[in-house]
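The values are calculated or read from the model by the stated rules, or taken from the named source; none is laboratory data. Treat the numbers as computed from the prediction; the structure is a model and nothing was measured. Cβ: placed from backbone, ideal geometry, glycine included. Neighbour counts: every protein chain shown.
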Amino acid sequence: MHRLLPGLLLALLLSFSACETLFFPPDPESDPEAVFEQLWTVLDTSYSLFPVKNLDWDSVHDAYAPRIQPDMGRAELFAVLGAMCNELRDGHVNLRSENDVSKYLAYYQDYPINYNALFVESNYLGNEFSITPPFLHHIIDSVGYLRYGAFAAPFAVADLENILDRFQGLKGLVIDVRGNEGGDPQNAYRILERLIPEERHILSTRWKNGPGHADLGPVSDIVLAPAGEVRFDGPVVILTNRSCYSACSYFAAACKAFPSIQQVGDYTGGGAGIPLGVELANGFSVNFSASFGSYPDGTSFEAGVPPDVRVDIDPADEAIGKDSILEKALELLGAG
């Protein structure tokens, strides 16, 4: 079994009152200038990751304020406010209107994609792979391959254990989470607890608890222990790229606590803060990171979880039907 302290349980977000997490004045005006000031203040006082962003938020205010005009339309205001939110370089910070969503995507668009699902299926899985929703699984040269595309997708424990039972006695296991943009961290831990040899402190979290940029509450430790009737006790390699985000980053960061699990590919995209949201006076709403996720030593993984073995897909490999990242994982596990 495992113990997950309340800080990381997404369900608990609903129990946080506005007075506990947000520090802006009530009942602001709804004209463009007032909404701009409200949004800037919400983020100034409630965003949790300023300590690792190296960003002068006052300067951001001064740069964007002249762009706000009293008679500007909603679409124009939305575009300016969305651009200001993107200065935080955080995929969990997004602005929403009745017609649009502004979301920072460059955390992975600035980097190699490093994953092509159809290429993997065509060159490694053929027509023989199995699908047990939400998992795709196969055996490649005496190594198990498990594809999980979204931690938002629920699964039955019995289905996961049936897959792991199929993999018993193999040389190792590859878990491919490239392109997985997150979801529920609990799904990550339900997989991981069936792969680990012992209980360990895997991560920590702190919640924003005051208006100052460094105002964070007490540390809550996240401890994970082995569980499950069917387990995989061999070596494991997880495959990551820059579009691994949010719960997927939590998964990769948690794996660092266990030497039997290696990470191959690129850094993950980040997403170390759990988001909360608030509605602005004109009906726009904004989500923002309200917690500070870290390794057990307190170091944030917001900038992405680094791979143990850094590999990009080589076009020369692709030309001969090879996925460079998957090939490295198979090599490390002694496939063949």
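Does at least one position in region 143-151 carry a residue that is crowded, with 16+ Cβ neighbours inside 10 Å and assigned to a loop (DSSP other than H, G, I, E, B)? For region 143-151, residues crowded, with 16+ Cβ neighbours inside 10 Å and assigned to a loop (DSSP other than H, G, I, E, B): present. Would region 304-314 turn up any residue that is within 30 Å of Gln38 (Cβ to Cβ), without any contact (Cβ under 8 Å) to a residue 24 or more places away in the chain and not assigned by TED's automatic domain parsing to the domain that holds Ser102? The answer is no, given that none of the residues of region 304-314 is within 30 Å of Gln38 (Cβ to Cβ), without any contact (Cβ under 8 Å) to a residue 24 or more places away in the chain and not assigned by TED's automatic domain parsing to the domain that holds Ser102.
If you check Gly271 against the conditions, is it within 24 Å of the chain's Cα centre (by Cα), farther than 17 Å from Ile222 by Cβ and not β-branched (Val, Ile, Thr)? The answer is no for Gly271. Among the residues examined, His201 qualifies as closer than 25 Å to Glu302 by Cα, modelled with pLDDT of 95 or more and surrounded by fewer than 16 Cβ atoms within 10 Å (Cβ to Cβ). Residue check: Asn114 meets all listed conditions (1) modelled with pLDDT of 95 or more; (2) on the phi < 0 side of the Ramachandran plot; (3) not aromatic (Phe, Trp, Tyr) but one, namely (2). Listed by first and then second residue, the pairs linking a residue in region 278-289 that is free of Cβ contacts under 8 Å to residues at least 40 places away in the same chain to a residue that is of a type in the set (Gly, Ala, Ser) and assigned to a strand (DSSP E or B), with Cβ atoms under 9 Å apart and 6 or more places separating them unless they lie on different chains, are Glu279/Ser285. In region 279-302, of all residues being buried (at least 17 other Cβ atoms within 10 Å of the Cβ) and in a loop (DSSP other than H, G, I, E, B), the one that is farthest from the chain's Cα centre (by Cα) corresponds to Asn282. For region 303-314, filtering for residues that are touching a Ser or Thr at 6+ places or on another chain (Cβ under 9 Å) and either surrounded by fewer than 18 Cβ atoms within 10 Å (Cβ to Cβ) or of a type in the set (Phe, Trp, Tyr) (or both) leaves 3. Tell me yes or no: at least one residue of region 183-192 is surrounded by fewer than 19 Cβ atoms within 10 Å (Cβ to Cβ) and of a type in the set (Asp, Glu). Within region 183-192 (the criterion being surrounded by fewer than 19 Cβ atoms within 10 Å (Cβ to Cβ) and of a type in the set (Asp, Glu)), the answer is no, since none of the residues qualifies.
The set of residues in region 315-336 being without any contact (Cβ under 8 Å) to a residue 60 or more places away in the chain and charged (D, E, K, R) consists of Asp317, Glu327, Glu331. Checking each residue in region 162-208 for being under 27 Å from Glu331 (Cβ atoms), part of a helix (DSSP H, G or I) and of a type in the set (Lys, Arg) picks out only Arg166.
Results for (1) farther than 17 Å from Gly144 by Cβ; (2) touching a helix residue (DSSP H, G or I) at 6+ places or on another chain (Cβ under 6 Å); (3) not assigned by TED's automatic domain parsing to the domain that holds Asn94; (4) not in a loop (DSSP other than H, G, I, E, B), shown as yes or no for each residue.
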residue	(1), (2), (3), (4)
Val223	yes, no, yes, yes
Pro226	yes, no, yes, no
Phe232	no, yes, yes, no
Cys248	yes, no, yes, yes
Pro259	yes, no, yes, no
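Only a single criterion out of (1) in contact with a strand residue (DSSP E or B) (Cβ under 6 Å, 6 or more places away or on another chain); (2) at pLDDT below 95 is not satisfied by Leu216, namely (2).
Please indicate, with yes or no, whether at least one residue in region 7-16 is at pLDDT below 95, in a helix (DSSP H, G or I), under 16 Å from Asn209 (Cα atoms) and not aliphatic (A, V, I, L, M). The answer is yes; a qualifying residue exists.
Residues that are in the same structural domain as Phe151 (by TED's automatic domain parsing), out of contact with any Gly (no Cβ under 7 Å at 6 or more places or on another chain) and within 30 Å of Asp312 (Cβ to Cβ) are absent from region 206-219 altogether.
Kindly provide the set of residues from region 90-139 that are surrounded by 15 or more Cβ atoms within 10 Å (Cβ to Cβ), over 19 Å from Gly277 (Cα atoms) and of a type in the set (S, T, N, Q), ordered by number. Asn114, Asn116, Asn123, Thr132 - these are the residues of region 90-139 that are surrounded by 15 or more Cβ atoms within 10 Å (Cβ to Cβ), over 19 Å from Gly277 (Cα atoms) and of a type in the set (S, T, N, Q).
So that you can scan it fast, the table gives a plain yes or no per residue for (1) farther than 20 Å from His201 by Cα; (2) crowded, with 22+ Cβ neighbours inside 10 Å; (3) touching a Pro at 6+ places or on another chain (Cβ under 7 Å):
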| position | (1), (2), (3) |
| --- | --- |
| Gly217 | no, no, no |
| Leu239 | yes, yes, no |
| Tyr267 | yes, yes, yes |
| Pro275 | yes, no, no |
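For the residues Leu88, Leu95, the requirement of being touching a strand residue (DSSP E or B) at 6+ places or on another chain (Cβ under 6 Å) and within 30 Å of Ala34 (Cα to Cα) singles out Leu95.
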